[in-house]
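What follows is one structure encoded as structure tokens, with my remarks underneath.
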Amino acid sequence: MQTAEYAVTATAAGSLRVGGMIPLTTIDYPGELAAVIFCQGCPWRCGYCHNTRLQPPRTEAPIGWDQVTAFLAQRRGLLDAVVFSGGEPTLQSGLAQAMVQVRKMGFKVGLHTAGIYPERLARVLPFTDWVGLDIKALPEDYPAITGMPGSGEAAWESLYRVLATDVALEVRTTVVPEMEAQLSALQSRLARAGVQRHRLQPVRSPSIP
């Protein structure tokens with residue numbers, strides 16, 4: 001993966017607003033032992049969101065980036081990967097630099113994203129080994145979920161951008177009762193787009209460390 005265009009500096013990576021962290025998980029990056037960094041902020045307001053505390057752009061008790069890197073330095077050889085989740089990680093300008101820094105520490109880089117910002121996502125894909133992309137519905141059904149017009153077009157453009165790279169991809173869909181009737185059509189369209197790994201997941205209760 002290319003890293004030359006981003007110089008890693010404490011200021012750039014340190015601007016990442018971290019709202020929480022999971023020190024060890026076996027389910028957030030398939031086949032790898034990983035830590036999860038929860039990035040603060042998300043512009044969408046999905047009714048079933050289980051990380052609502054991460055929706056505001058700032059938190060009253062942020063975790064400093066220096067704390068994150070100090071923890072990761074102690075986990076070299078014990079963890080395989082670091083996953084940037086949220087919230088919406090691509091909302092933050094320091095994401096690419098943080099990814100580069102994590103990679104230089106010897107970890108694989110995973111990204112959980114809803115595909116809200118296709119161009120920003122494209123800019124960080126060169127520093128990403130695996131993407132868990134949240135595709136909620138067919139494009140036309142998105143506003144009923146997110147409350148935002150045009151959100152479906154953005155998410156599906158993000159899907160096509162990831163598919164055009166060699167970055168490993170898993171598409172995830174949260175199954176909610178009001179969308180079950182469209183599920184078959186969604187699965188068919190994803191298959192036609194070239195998605196090889198599509199995971200359905202149940203609605204989860206609010207949870208963030």
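So for segment 145-163 (the condition being of a type in the set (A, V, I, L, M, F, W, C) and exposed (fewer than 13 other Cβ atoms within 10 Å of the Cβ)), does at least one residue qualify? Within segment 145-163, none of the residues are of a type in the set (A, V, I, L, M, F, W, C) and exposed (fewer than 13 other Cβ atoms within 10 Å of the Cβ).
Which residues, taken from segment 181-196, are within 19 Å of the chain's Cα centre (by Cα) and exposed (fewer than 12 other Cβ atoms within 10 Å of the Cβ)?
Applying the first criterion (within 19 Å of the chain's Cα centre (by Cα)) to segment 181-196 yields 190, 195-196.
Matches in segment 181-196: 196 only.
Of the residues making up segment 183-196, just one is touching a helix residue (DSSP H, G or I) at 6+ places or on another chain (Cβ under 7 Å) and in a helix (DSSP H, G or I), namely 193.
Inspection of segment 134-152 finds a residue satisfying the criterion of being within 26 Å of residue 199 (Cβ to Cβ) and among the aromatic types (Phe, Trp, Tyr). Tell me, please, whether a residue that is hydroxyl-bearing (Ser, Thr, Tyr), surrounded by 16 or more Cβ atoms within 10 Å (Cβ to Cβ) and more than 26 Å from residue 118 (Cα to Cα) can be found in segment 45-68. Within segment 45-68, not a single residue is hydroxyl-bearing (Ser, Thr, Tyr), surrounded by 16 or more Cβ atoms within 10 Å (Cβ to Cβ) and more than 26 Å from residue 118 (Cα to Cα).
Just to be sure before I move on: is residue 118 of a type outside the set (Val, Ile, Thr), free of Cβ contacts under 8 Å to residues at least 40 places away in the same chain and open to solvent by 10 Å² or more (accessible area, probe 1.4 Å) in the structure I sent? So that I can check it myself, show each step before the final result.
Values: of a type outside the set (Val, Ile, Thr): yes; free of Cβ contacts under 8 Å to residues at least 40 places away in the same chain: no; open to solvent by 10 Å² or more (accessible area, probe 1.4 Å): yes.
Taking the combined requirement at face value, the residue does not satisfy it.
Which of the residues spanning segment 164-180 are modelled with pLDDT of 95 or more and open to solvent by 60 Å² or more (accessible area, probe 1.4 Å)?
Here is the first cut: in segment 164-180, the residues modelled with pLDDT of 95 or more are 164-173.
Those that are modelled with pLDDT of 95 or more and open to solvent by 60 Å² or more (accessible area, probe 1.4 Å): 164, 166.
Of the residues making up segment 93-106, those that are open to solvent by 10 Å² or more (accessible area, probe 1.4 Å) and either at pLDDT below 95 or under 19 Å from residue 14 (Cβ atoms) (or both) are 93, 97, 101, 103, 104, 105. Whenever a residue of segment 80-94 is among the aliphatic types (A, V, I, L, M), its partners that are part of a helix (DSSP H, G or I), lying with C-beta atoms within less than 6 angstrom and at least six residues away or across chains, give the pairs 82/102. The residue list 121, 138 contains one member that is of a type in the set (A, V, I, L, M), farther than 30 Å from residue 68 by Cβ and touching a Gly at 6+ places or on another chain (Cβ under 8 Å), which is 138.
The values are calculated or read from the model by the stated rules, or taken from the named source; none is laboratory data. Remember, it's a predicted structure, so these values are computed and weren't measured experimentally. All Cβ positions, glycine included, derive from the backbone under ideal geometry; neighbour counts span all protein chains shown. Heavy atoms of the whole protein, side chains included, go into the accessibility calculation; ligands, DNA and RNA do not. Shrake-Rupley method; radii C 1.70, N 1.55, O 1.52, S 1.80 Å.
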